[in-house]
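Reading through the structure tokens given below for one structure.
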Amino acid sequence: MKAAMNKNGFVIDIDYGRCGNCGACVAVCPEGVLHLGTLILVADNNKCTGCKRCVIICPADALKLMDMTGSVLTVESVDAKDL
Amino acid sequence: MPKTYDVIVVGAGPAGSVSAKYAAVGGAKTLLLEKHPVIGYPLCCAEAISKSGLENVVKPDPKWIATKIEKAKLFSPSGKEVTVYHPDAGYVLERKIFDRWLAQQAANAGAKVRVGVDVTGLLRDRDGKIIGVTAYENGQQIEILGKVVIAADGIESQIALKAGIRTLLKPGQLQSAYQYLLADIDIEPDTIEFYLGNSVAPGGYIWVFSKGDGIANVGIGISPMKSPKKKAVDYLDEFIPRRFPRHQILEKMVGGVPSHVNDVPLYKDNILVVGDAARLVDSLTGAGIANALLSGKIAGMTVAEMVTNGIKADVYQKEFFRLKQKELKFYYYCRDIYLKLTDDDFKLIFKFIYDVFNGKTITAINPFDVVKKILLSHPRLLKLGRHLLT
């Protein structure tokens with residue numbers, strides 16, 4: 001399913017086969033992109049600034065951050081600002 | 001049904017339900033809201049609690065006690081084992097029943113309880129004062145008026161953040177956790193086990209918490225900062241076949257556990273925050289149920305007094321910090337040290353614990369004392385933890 005793209009071009013792709021609804025991503029998102037509803041996690045991509053914190057924290061490897069070209073932005077190492 | 005509640009409690013986990021009970025007992029018109037259609041599920045919890053942590057707030061009831069903990073085993077990275085007997089140490093709970101039982105206590109005390117109500121925001125008046133909440137129920141947006149709001153909305157809390165309380169976490173402040181409920185396993189019914197080591201569980205540990213009867217919560221917490229690529233579940237899946245060649249899986253769950261959090265404010269104006277939403281989790285162990293129960297009790301009592309006697313919400317923070325801040329800060333600094341431990345450091349610590357505790361029976365444990373003695377046992381450890389001793 002193609003998710004709506006925001007002006008920065010970031011898209012959070014949620015793999016619902018892996019997501020365990022733990023809410024860790026919600027706890028770290030500085031922009032309020034993510035909301036854990038009663039059944040599933042939803043992302044409001046318009047607010048995403050591409051900080052990758054949700055991808056870093058997800059225990060289930062359920063999140064992918066993509067830029068406007070559709071490339072997946074991976075986490076190679078972690079920055080001090082995320083500590 | 002009153003037009004305006006005295007208090008709206010968002011979230012019917014342990015913190016929320018206990019808040020609602022004490023608010024109602026104190027005479028506040030209380031509404032307890034839960035977004036899920038079921039209280040007590042889903043869960044993200046290893047379910048262990050110390051005796052005092054439980055009994056400070058609630059009388060134990062066999063209905064929701066899976067097992068009584070009588071002994072603990074600690075395993076070093078090289079597999080060295082320390083066994084400590086601690087009769088009456090605590091319990092492993094059956095939270096599917098415990099959480100519902102707590103909500104029942106709130107209902108019996110006079111709180112209104114509604115499930116399937118997803119609170120998404122705060123309602124404000126023209127001056128910006130919070131006068132209630134907005135929520136979704138049966139697909140419709142609704143508004144509920146309340147003089148005070150208790151945010152008990154867990155790890156994924158948004159309510160406190162929307163009130164301007166800085167509950168936002170950085171990835172370094174959460175452990176990545178994964179847990180299975182395993183059946184048909186070889187485990188003693190009264191035992192909890194801990195496995196440490198940088199290749200076992202970097203920045204965290206693996207736990208085996210017996211729930212009696214050949215089943216156990218078997219889980220892991222790691223620091224994602226120490227392992228950005230390899231996930232918690234990968235470490236756990238390596239461990240399980242070694243420890244439990246025979247096992248069946250009854251449940252699996254993922255979680256994020258607050259860790260390394262210090263001094264989150266517990267209130268702002270007429271919003272109080274409790275439990276996981278307030279990040280009241282021991283930084284070293286990940287234990288949160290006891291803090292949820294205690295913060296819920298104090299917050300609920302405070303809200304009742306706010307309504308009847310006009311006291312302010314800061315009373316809650318003052319009282320909770322009076323009881324718990326020293327301990328929370330202590331675990332916070334312990335975590336600093338824990339994250340720096342090499343496997344050689346673990347060896348030193350295990351040697352000390354083995355020499356002092358192995359095979360012994362203890363009746364009480366003072367974590368401050370034990371940690372201090374560990375740090376004093378070797379120059380390298382003292383160097384790491386000198387600041388904790390001053």
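The values are calculated or read from the model by the stated rules, or taken from the named source; none is laboratory data. What you see is a predicted model; the values in this text were computed from it and never measured. For neighbour counting, all protein chains shown are included, and Cβ atoms are generated from backbone atoms with ideal geometry for every residue, glycine included. Ligands, DNA and RNA are stripped out before the accessible areas are found, and what is left, the full protein with its side chains, is counted by its heavy atoms. Shrake-Rupley method; radii C 1.70, N 1.55, O 1.52, S 1.80 Å.
Largest first and in whole Å, the equivalent-ellipsoid semi-axes of chain B read 37, 22, 19, each the square root of five times a Cα gyration tensor eigenvalue. Taking a point 7 Å out from the Cα of B:ASN309 in the direction of its Cβ, the residues of region B:18-47 whose backbone N falls within less than 20 Å of it are B:19-30. Accessible surface computed residue by residue for region B:340-389, with neighbouring protein chains in place and a 1.4 Å probe, gives 62 Å² per residue.
With each label modelled as a point 7 angstrom along the Cα→C-beta vector, the B:GLU143-B:LYS226 pair spans 5.0 nm.
Each residue of region B:293-390 gets 128 Å³ once the volume of the Cα convex hull is shared out per residue.
Mean projected area of the convex hull spanned by the Cα atoms of region B:139-179, taken over all viewing directions: 5.0 nm². Other residues whose C-beta falls under 12 angstrom from the C-beta of A:ASP67 contribute a net charge of +1, scoring Lys and Arg +1 and Asp and Glu -1. Note that region B:55-106, at 20 °C in a medium of 1.002 mPa s, gets a Stokes-Einstein diffusion coefficient of 165 µm²/s from its Kirkwood radius over C-alpha pairs.
When shorter helices are ignored and each DSSP H run of at least 4 residues is given -39500 (n - 2.57), the per-residue value for the protein assembly as shown at 222 nm works out to -9000 deg cm²/dmol. Spin-label pair B:SER199-B:GLN325: with each label point 7 Å from Cα along the Cα-Cβ axis, the two points sit 4.4 nm from one another. Rolling a 1.4 Å probe over the protein heavy atoms gives region B:1-124 an accessible area of 40 Å² per residue.
Pairwise Cα separations in region A:10-69 fall into 5 Å bins from 0 onward with the following percentages, short to long: 4, 21, 35, 27, 11, 2, 0. Kirkwood hydrodynamic radius of region B:1-53, from the reciprocal of the average inverse Cα-Cα distance over all distinct pairs: 12.6 Å.
Just to confirm a number: summing +1 for Lys and Arg and -1 for Asp and Glu over residues other than A:ARG18 whose beta-carbon lies under 15 angstrom from that of A:ARG18, what do you get? In short, -2.
Solvent-accessible surface, computed for protein heavy atoms with a probe of 1.4 Å, shrinks by 20 Å² or more for the following residues of region B:164-194 when the other protein chains are added to the isolated chain: B:LEU168, B:LEU169, B:LYS170, B:PRO171, B:LEU174, B:SER176. Among the lysines of region B:162-234, pairs at least eight places apart or on separate chains and with Cα atoms under 28 Å apart come to 6.
Given +1 on the Cβ of Lys and Arg, -1 on the Cβ of Asp and Glu, and no further charges, what dipole in debye does region B:340-389 carry about its Cα centre, rounded to the nearest 20?
Magnitude of the dipole: close to 160 debye.
Taking the 1.4 Å solvent-accessible surface of the protein assembly as shown as the whole, the part contributed by carbon and sulfur is 54%.
Which semi-axes, in whole Å and largest first, does the equivalent ellipsoid of region B:340-389 have when worked out from the alpha carbon gyration tensor as the square roots of 5 times its eigenvalues?
Ellipsoid half-lengths, sorted descending, are 19, 14, 8 Å.
For region B:260-315, the convex hull drawn through the C-alpha positions has a volume of 64 cubic angstrom per residue.
With all pairs of separate Cα atoms included, the protein assembly as shown yields a Kirkwood hydrodynamic radius of 23.0 Å. Each residue of region B:145-157 is assigned a 3J(HN,Hα), and the resulting list reads 8, x, 6, 9, 10, 9, 8, 10, 9, x, 3, 8, 3 Hz, derived from the Karplus form 6.51 cos²θ - 1.76 cosθ + 1.60 (θ = phi - 60°), x at Gly and Pro. Taking a Cβ cut-off of under 11 Å around B:ILE142, the surrounding Lys, Arg, Asp and Glu residues balance to a net charge of -2, with basic ones at +1 and acidic ones at -1. The modelled label-to-label distance for the pair B:PHE368/B:LYS318, using points 7 Å beyond Cα in the direction of Cβ, is 2.2 nm. Between the amide H of B:GLY146 and those of B:TYR5, B:GLY132, B:VAL133, distances stay under 5 Å, these residues lying 5 or more places away or on another chain, with hydrogens modeled in the peptide plane. Interface between chains B and A: roughly 2400 Å² of accessible area buried, both sides summed (probe 1.4 Å, protein heavy atoms only). Rounded to the nearest 20, the Cβ-based charge dipole of region B:1-120 about its Cα centre (Lys and Arg +1, Asp and Glu -1) stands at 180 debye. Pairwise Cα distances in region B:27-66 exceed 14 Å for 67 percent of all pairs.
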